[in-house]
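See structure below.
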Amino acid sequence: MEYISNAQELTTWCDNKHLGLRERLSIVAEISDAIGHAHRMGIVHRDLKPANILVAVNGSPKVIDFGVARCLGNDSEMTAVQTQTGQLVGTMQYMSPEQFAGDPRKIDQRADVYALGVILFELISGTYPHDVRALSVHEAARVVCDIDAPDVRSTTSEVDEELSGIVAKCLRRERSERFADARELGLKLRSWLCGEPIPTPVAEFAKEPAIAGRTRPIRETKQPHILETDTIQRSSGWLVPTLSVLLVTIVA
């Protein structure tokens, strides 16, 4: 494995460098790229947390410790870790509701998206959406599975509605309501950093592929109104004969 000399954990690096909001979001976007690459390869980390994200001296983040990672799919030869139903995998503070449920069949890329949401919340506010460090496993599971995460805007005035929405989408209790994978989260963060409007769900299906968080505007082709088409068709029924008679009269 790569040796990262003089590396620091993510939160320690951000605090020691006194990074502002935009710089913190930028580094999370880089982390999302790395996790997004793993997701495209069918790998779920399952234990994302600041302690597993080291920052090199040059400021480059490195995701480490894939020891409990899980490969998605049916290829048993590619599955590095086998887990049984009821076995908890991960760190409670960053675990998604489905991880607390202990069913590995329900754990996919969106569990990592949830953990990234917790990391985002922590880097922005200095607190956790749910502080379950002092709770038992059962109490922590009840909190994470039954209580919605608070709005990060309640912790700082630097966050606007769009950024709050990005964080909230990561922390949805229902995994179907989160970003599909870490790459999508990275694109949304870069859109916010570039000052671009965050696309609505409807626009996302229609837009061209995004590059570095930028999206091209959707061009709409105006279709003729039904009444307009009908009027033209009915008008052409008498207009042509009338013009023909008029032309013959003029020539005569």
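Suppose R0 equals 22 Å; then what is the FRET efficiency for GLU158 and GLU196 from their Cβ-Cβ distance, rounded to the nearest 0.05? List each step's numbers first, then the result.
Numbers: r = 18 Å, r/R0 = 0.84.
Efficiency, from the Cβ-Cβ distance: 0.75.
Taking the simple approach of a point 7 Å from Cα along Cα-to-Cβ for both SER136 and ARG105, what is their distance in nm?
With each label placed 7 Å out from Cα toward Cβ, I get 2.9 nm.
What order do you get for 134-141, 113-120, 145-152 when each peptide is scored by the mean count of other beta carbon atoms within 10 Å, highest first?
On the way: 134-141: 13.1, 113-120: 25.8, 145-152: 14.6.
Those peptides, ordered most packed to least, come out 113-120, 145-152, 134-141.
Hey, if we sort PHE100, PHE66 by accessible area with the 1.4 Å probe, largest down, what's the order? Mind dumping the intermediate values first?
Numbers: PHE100 20, PHE66 90 Å².
So, going from the largest accessible area down, we get PHE66, PHE100.
Per residue, how much accessible area does segment 1-51 show when a 1.4 Å probe rolls over the protein heavy atoms, in square angstrom?
Values: 2670 Å² over 51 residues.
On a per-residue basis, 52 Å².
Report Rg (one decimal) and Dmax (nearest whole number) for segment 80-188, counting Cα atoms only, units Å.
In Å, with Rg to one decimal and Dmax whole: 13.7, 44.
Run the 1.4 Å probe and let me know the accessible area of GLU2, rounded to the nearest 10 Å².
Using a 1.4 Å probe on the heavy atoms, I get roughly 120 Å².
Using only the heavy atoms of the protein chains and a 1.4 Å probe, how would SER164, SER157, SER60 rank by accessible area, largest first? Working shown, then result.
Working: SER164 10, SER157 120, SER60 35 Å².
Reading off the accessible areas and sorting them downward yields SER157, SER60, SER164.
The values are calculated or read from the model by the stated rules, or taken from the named source; none is laboratory data. The model shown is predicted, which means the values in this text are computed figures rather than measured ones. Cβ: placed from backbone, ideal geometry, glycine included. Neighbour counts: every protein chain shown. Surface areas here come from the heavy atoms of the whole protein model, side chains and all, with no ligands, DNA or RNA. Shrake-Rupley method; radii C 1.70, N 1.55, O 1.52, S 1.80 Å.
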